[in-house]
Ligand SMILES: NC(=O)c1ccc[n+]([C@@H]2O[C@H](COP(=O)([O-])OP(=O)(O)OC[C@H]3O[C@@H](n4cnc5c(N)ncnc54)[C@H](O)[C@@H]3O)[C@@H](O)[C@H]2O)c1
């Protein structure tokens with residue numbers, strides 16, 4: 001298939017690109033390298049510009065006859081979205097609309113979108129969300145992503161166009177063969193930061209809030225291995241092409257770990273007792289977010305292979321060691 005993959009130099013996009021590349025699709029990666037790295041693009045042809053450059057975007061769509069778009073490009077730091085909402089609505093919502101508009105104009109019928117568990121916020125008692133749980137984002141990042149889901153829904157109803165929106169929970173770890181991993185500069189992801197502490201890149205890390213209504217007082221998240229998430233994208237492509245149906249699906253394992261549990265796991269797996277500092281809550285954080293994970297298994301036949309916290313942590317750690325040795 002002829003594929004456009006936006007954000008393919010980034011963390012998740014590069015792992016999906018790695019899986020799609022192994023299947024010998026014809027792939028164009030659109031990435032402006034704002035947070036991605038060129039070395040992470042293991043397959044396909046790279047075009048380096050921003051989605052907001054509408055003339056170049058239109059040229060790209062008119063020159064290539066895409067069958068499907070995987071849309072990963074976006075801005076992803078929740079606290080930054082609280083202080084700079086315009087940037088988030090612009091890069092996540094407005095730029096997504098540009099991509100959707102190009103799909104309509106050039107007859108691209110399939111799109112797979114990186115959505116997020118952040119759209120659920122705190123409104124589900126117990127924090128275990130299925131796809132019908134109340135949508136109530138706590139921050140502009142979550143709003144910017146949900147607005148894109150709404151646009152996709154409207155456009156799919158009006159045009160010969162289908163989408164799968166994958167609502168990722170907390171993505172972590174590195175490719176199981178360590179071909180790629182998370183190289184995002186200044187990443188704010190818990191497991192990545194803890195591994196940076198374990199390898200000496202960071203002196204210490206902060207823990208935001210210990211007064212949540214959870215067993216140990218810290219936030220709980222459903223951590224999913226990036227290669228399992230990448231497999232879900234490949235299955236989503238099959239689904240779109242064969243079923244010609246639109247759907248939003250949670251991507252998580254259905255179990256959660258607290259911040260303390262994750263930090264303990266990184267200390268145990270690495271054997272390094274690094275320093276953590278307890279600070280107050282961070283704006284925009286939900287207390288507990290866990291996926292109800294039945295629908296994606298039923299609909300796509302998704303079967304996770306790397307769903308142990310220690311596997312997630314050890315691959316993240318090994319990747320951090322590779323980065324440190326460069
Ligand atoms: N990492 C997570 O845990 C997580 C969770 C839920 C959802 N998501 C979503 O997954 C997607 C990918 O996240 P990631 O962790 O790989 O982030 P990332 O920052 O590593 O990757 C984003 C990529 O998009 C590129 N990009 C950004 N804006 C662009 C633009 N305007 N034009 C062209 N390229 C642009 C960046 O250079 C980068 O390579 C995002 O849409 C994010 O919202 C991520």
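Being more than 11 Å from the ligand (Cβ to nearest atom) and crowded, with 16+ Cβ neighbours inside 10 Å is the filter here, so list the residues in the stretch 28-43 that pass it. Passing the criteria: 28, 42, 43. Within the stretch 166-189, the residues that satisfy the criterion of being more than 10 Å from the ligand (Cβ to nearest atom) and in contact with a helix residue (DSSP H, G or I) (Cβ under 8 Å, 6 or more places away or on another chain) are 173, 174, 175, 176, 178, 179, 180, 181.
Does at least one position in the stretch 157-165 carry a residue that is outside any strand (DSSP E or B), without any contact (Cβ under 8 Å) to a residue 24 or more places away in the chain and out of contact with any helix residue (DSSP H, G or I) (no Cβ under 6 Å at 6 or more places or on another chain)? Scanning the stretch 157-165 turns up at least one residue that is outside any strand (DSSP E or B), without any contact (Cβ under 8 Å) to a residue 24 or more places away in the chain and out of contact with any helix residue (DSSP H, G or I) (no Cβ under 6 Å at 6 or more places or on another chain). The residue pairs whose first member lies in the stretch 167-192 and is under 22 Å from residue 291 (Cβ atoms) and at pLDDT below 95, whose second member is in a loop (DSSP other than H, G, I, E, B) and within 11 Å of the ligand (Cβ to nearest atom), and whose beta carbons are closer than 6 Å, counting only pairs six or more residues apart or on different chains, are 188/77. Note on the stretch 51-80: residues that are at pLDDT 95 or above, out of contact with any strand residue (DSSP E or B) (no Cβ under 7 Å at 6 or more places or on another chain) and in a helix (DSSP H, G or I) amount to 9. Within the stretch 203-216, the set of residues being buried (at least 16 other Cβ atoms within 10 Å of the Cβ) and part of a loop (DSSP other than H, G, I, E, B) comprises 209, 210, 212, 214. Between 25, 46, the distinction of being assigned by TED's automatic domain parsing to the domain that holds residue 66 and within 15 Å of the ligand (Cβ to nearest atom) belongs to 46 only. Within the stretch 138-153, is even one residue over 23 Å from residue 319 (Cα atoms), at pLDDT below 95 and more than 14 Å from the chain's Cα centre (by Cα)? Within the stretch 138-153, one or more residues are over 23 Å from residue 319 (Cα atoms), at pLDDT below 95 and more than 14 Å from the chain's Cα centre (by Cα). Considering the stretch 97-137, and only residues there that are in a helix (DSSP H, G or I) and under 15 Å from the mean Cα position of the chain (by Cα), the residue that is nearest to residue 167 (Cα to Cα) turns out to be 117. Against the conditions (1) more than 9 Å from the ligand (Cβ to nearest atom); (2) buried (at least 21 other Cβ atoms within 10 Å of the Cβ); (3) closer than 27 Å to residue 175 by Cα, residue 81 satisfies every one except (3). Only one entry of 66, 70, 106 meets the criterion of being away from the ligand (no atom under 11 Å from the Cβ) and under 14 Å from residue 6 (Cα atoms), and that entry is 66.
Residues being more than 21 Å from residue 173 (Cβ to Cβ) and assigned to a helix (DSSP H, G or I): count how many of those fall in the stretch 217-240.
So in the stretch 217-240, the residues more than 21 Å from residue 173 (Cβ to Cβ) come out as 217, 237-240.
Of the ones still in play, those that are also assigned to a helix (DSSP H, G or I) are 237-240.
Of the residues in that region, 4 qualify.
Here is the figure for the stretch 1-19: residues that are more than 7 Å from the ligand (Cβ to nearest atom), assigned to a helix (DSSP H, G or I) and surrounded by fewer than 24 Cβ atoms within 10 Å (Cβ to Cβ) total 2.
Every residue in the stretch 288-317 that is closer than 23 Å to residue 183 by Cβ and buried (at least 16 other Cβ atoms within 10 Å of the Cβ), please. Listed by number, the residues that qualify are 306, 309, 311, 312, 313, 314, 315, 316, 317.
The values are calculated or read from the model by the stated rules, or taken from the named source; none is laboratory data. Everything quoted here is computed from the prediction, not taken from an experiment. Note that each Cβ is placed from the backbone with ideal geometry, even for glycine, and that neighbours are counted across all protein chains shown.
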